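Q: Before I ask anything, let me first share the structure, which is written out below as structure tokens.
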Amino acid sequence: MSKVKYVIASDHAAIEMKSEIIEYIKELNLDIEDLGPFNKDRVDYPDYADKVCEKVQSDENTLGILICGTGIGMSIASNKHKGIRSALCSEPLSASFAKEHNDSNVICMGARTIGGELAKSIVKSWIDSSFQGGRHLDRVKKFRD
Ligand code: RB5
């Protein structure tokens, strides 16, 4: 399997947390692309969910990270895209299960609901986990296709 690449986007409410997560992922020596926004102007989170989802849909080795105020808007918007399994997480255990059981290819977080250190530990748990397949694949297939 090729090396996993990460793409990230936020809205204006989460631009600082986006920068923190980008720095963290770079410290882990992983490949991350920032899809914006690149200033604090007010934006609409679905537009940035679209950018991340399009990249994830086009390459199975690309995984997405989306952050808005609560993470709720990003999770709703991203889950409207075919092939996207997006998980809103506020603690690391859910993040690891989101990958292991649900094969999530996008993770969402809320910059107004959790702090930067917690966000990093959520991202680390998710990155370090792998889909377990088996009975979980049977379940994922029921909605994936
Ligand atoms: C923006 O004010 C806010 O609505 C957005 O960041 C997010 O929380 C939506 O779910």
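Okay, residues lined up against (1) among the β-branched types (Val, Ile, Thr); (2) closer than 18 Å to ILE76 by Cα; (3) surrounded by 13 or more Cβ atoms within 10 Å (Cβ to Cβ):
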{"residue": "GLY110", "(1), (2), (3)": "no, yes, yes"}
{"residue": "LYS120", "(1), (2), (3)": "no, no, yes"}
{"residue": "ILE127", "(1), (2), (3)": "yes, no, yes"}
{"residue": "GLN132", "(1), (2), (3)": "no, no, yes"}
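Q: May I pose another question? Would you mind stating whether ALA77 is over 22 Å from GLU23 (Cβ atoms), within 16 Å of the ligand (Cβ to nearest atom), among the hydrophobic types (A, V, I, L, M, F, W, C) and outside any strand (DSSP E or B)?
A: Details: over 22 Å from GLU23 (Cβ atoms): yes; within 16 Å of the ligand (Cβ to nearest atom): yes; among the hydrophobic types (A, V, I, L, M, F, W, C): yes; outside any strand (DSSP E or B): yes.
The answer is yes for ALA77.
Q: Of everything in the range 1-42, what is under 18 Å from GLU54 (Cβ atoms) and of a type in the set (S, T, N, Q)? Give them in sequence order.
A: SER10
Q: Something else about it: Answer yes or no as to whether GLY116 is free of Cβ contacts under 8 Å to residues at least 24 places away in the same chain and farther than 17 Å from GLY64 by Cα.
A: Judged against the criteria, GLY116 is not a match.
Each row is one residue, and each column tells you yes or no for (1) in a strand (DSSP E or B); (2) hydrophobic (A, V, I, L, M, F, W, C); (3) more than 9 Å from the ligand (Cβ to nearest atom); (4) over 24 Å from LYS142 (Cα atoms).
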residue	(1), (2), (3), (4)
GLY64	yes, no, yes, no
GLY73	no, no, no, yes
ALA87	yes, yes, yes, no
SER96	no, no, yes, no
ASN102	no, no, yes, no
SER121	no, no, yes, yes
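Q: Can you find even one residue in the range 1-14 that is more than 13 Å from SER78 (Cβ to Cβ), among the charged types (D, E, K, R) and surrounded by 13 or more Cβ atoms within 10 Å (Cβ to Cβ)?
A: Checking the range 1-14: at least one residue is more than 13 Å from SER78 (Cβ to Cβ), among the charged types (D, E, K, R) and surrounded by 13 or more Cβ atoms within 10 Å (Cβ to Cβ).
Q: Sticking with this one: Which of the residues that make up the range 1-31 are more than 13 Å from the ligand (Cβ to nearest atom), touching a residue at least 40 places away in the same chain (Cβ under 8 Å) and aliphatic (A, V, I, L, M)?
A: Correct list: MET1, VAL4, VAL7, ILE8, ILE21, ILE25, LEU28, LEU30.
Q: Would you mind finding the one in ASP34, ASP128, ASP44, ASP138 that is at pLDDT 95 or above and within 15 Å of the ligand (Cβ to nearest atom)?
A: ASP44
Q: Yes or no: ASN39 away from the ligand (no atom under 16 Å from the Cβ) and surrounded by fewer than 14 Cβ atoms within 10 Å (Cβ to Cβ)?
A: Criteria not met by ASN39.
Q: Does ALA95 satisfy the criteria of being in contact with a Ser or Thr (Cβ under 8 Å, 6 or more places away or on another chain) and aliphatic (A, V, I, L, M)?
A: It is true that ALA95 is in contact with a Ser or Thr (Cβ under 8 Å, 6 or more places away or on another chain) and aliphatic (A, V, I, L, M).
The values are calculated or read from the model by the stated rules, or taken from the named source; none is laboratory data. These figures come from a predicted structure and were not determined experimentally. Positions of Cβ are backbone-derived with ideal geometry, glycine not excepted, and every protein chain shown enters the neighbour counts.
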